[in-house]
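Notes to accompany the following structure.
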Amino acid sequence: MLARMPAESFRVPDFYRRTDMEVRVDHCPNCDGPSKLQRNDHRIIWPLIVANSAAQFTPYVMEEAWTCVVCDKTMIQILVFGAGDEQDRWPIETRLIYPDRAPRILSPEAPESVASLFREASLAENAGALRGAAGLYRAAAEALVKDQGITEGNLMNKIEILATKGVDKDVVDGLHEARILGNWSLHEGLEFASDEVGDVAELLSDVVHELYVIPAERHALKEARDQRRTQSGQDRNS
């Protein structure tokens, strides 16, 4: 749509002339830790600016380069701005183009049937295919319930059966969120915002932690205790 529009003149707001902007982030796309990013370069890449004195904006696209103060590596993002006046400073779309966003990965304790669907969902999420991602996160939730030994009925009933087995309410709620998001995306054609899809991914990760990681940790601790007791008994008898 943008490519078919004429490259009209527009005035670049002073807000976007600055290169000394800093933002704090929870996850640097390079080192994945909390950090502060410094913007060290930016430019409008569409349309071609033929004058800076026009009073009216057109839609435009900007490229920004940011550097992490922790790992000293760079990220580059594209921002799309809609038509408006100088006060419309928030992009209607933001896309990270470097580095490639790594897919979300579940803990190794997760069943492979769940982990593979979850990873595919994350790849779709990173590509901006949010309805596809929602459907795959729903499929991961269904595979998880099946791995818990529940195979009868639709997904809503399967989750409720899981609830009767003493599973924590937060786990049940997280699975229902994945189910509902997937249903509305696939059956109703609704497209949710990226943070809504990401929130469901985090909920599924929490579910895997509760159902698989914590029991595995408890089992490992028990084995370590048993091994110490066995060794202690051997020492006393020697």
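Would you call Val69 at pLDDT 90 or above and in contact with a strand residue (DSSP E or B) (Cβ under 8 Å, 6 or more places away or on another chain)? So Val69 passes the test. Scanning region 88-107 for residues that are over 14 Å from Cys28 (Cα atoms) and touching a helix residue (DSSP H, G or I) at 6+ places or on another chain (Cβ under 8 Å) yields Arg89, Pro103, Arg104, Ile105, Leu106, Ser107. Considered as a group, the residues in region 74-99 that are in contact with a Pro (Cβ under 8 Å, 6 or more places away or on another chain) and charged (D, E, K, R) include one that is modelled with the lowest pLDDT, and that residue is Glu86.
Can you report the number of residues in region 179-238 which are among the acidic types (Asp, Glu), part of a helix (DSSP H, G or I) and either farther than 27 Å from Gly153 by Cβ or more than 29 Å from the chain's Cα centre (by Cα) (or both)?
Here is the first cut: in region 179-238, the residues among the acidic types (Asp, Glu) are 188, 191, 195-196, 199, 202, 206, 210, 217, 223, 226, 235.
With part of a helix (DSSP H, G or I) added as a condition, the list becomes 195-196, 199, 202, 206, 210, 217, 223, 226, 235.
Those left that are additionally either farther than 27 Å from Gly153 by Cβ or more than 29 Å from the chain's Cα centre (by Cα) (or both): 195, 217, 223, 226, 235.
Result for region 179-238: 5.
A single entry from Ala134, Ala127 fulfils the requirement of being in the same structural domain as Ser185 (by TED's automatic domain parsing) and either surrounded by 15 or more Cβ atoms within 10 Å (Cβ to Cβ) or more than 28 Å from Met75 (Cβ to Cβ) (or both): Ala134. Every residue in region 1-44 that is under 27 Å from Thr58 (Cβ atoms) and either assigned to a strand (DSSP E or B) or at pLDDT 85 or above (or both), please. Val23, Arg39, Asn40, Asp41, His42, Arg43, Ile44, listed by residue number.
Scanning region 137-180 for residues that are touching a Lys or Arg at 6+ places or on another chain (Cβ under 7 Å) and under 19 Å from Ala121 (Cβ atoms) yields Arg138, Ala141, Val145, Leu155, Ile159, Ala178, Arg179.
Residue under question is Ser107, and the condition is that it be closer than 24 Å to Glu202 by Cβ, over 15 Å from the mean Cα position of the chain (by Cα) and among the polar types (S, T, N, Q); does it hold? Yes.
Consider Glu125 carefully, then state whether it is over 22 Å from Pro215 (Cα atoms), assigned to a helix (DSSP H, G or I) and modelled with pLDDT of 95 or more. Against the criterion (over 22 Å from Pro215 (Cα atoms), assigned to a helix (DSSP H, G or I) and modelled with pLDDT of 95 or more), Glu125 does not qualify.
The values are calculated or read from the model by the stated rules, or taken from the named source; none is laboratory data. A quick note: this is a predicted structure, and the numbers were derived from the prediction, not measured. When we count neighbours, we look across all protein chains shown, and the Cβ atoms used for this are built from the backbone with ideal geometry, even at glycine.
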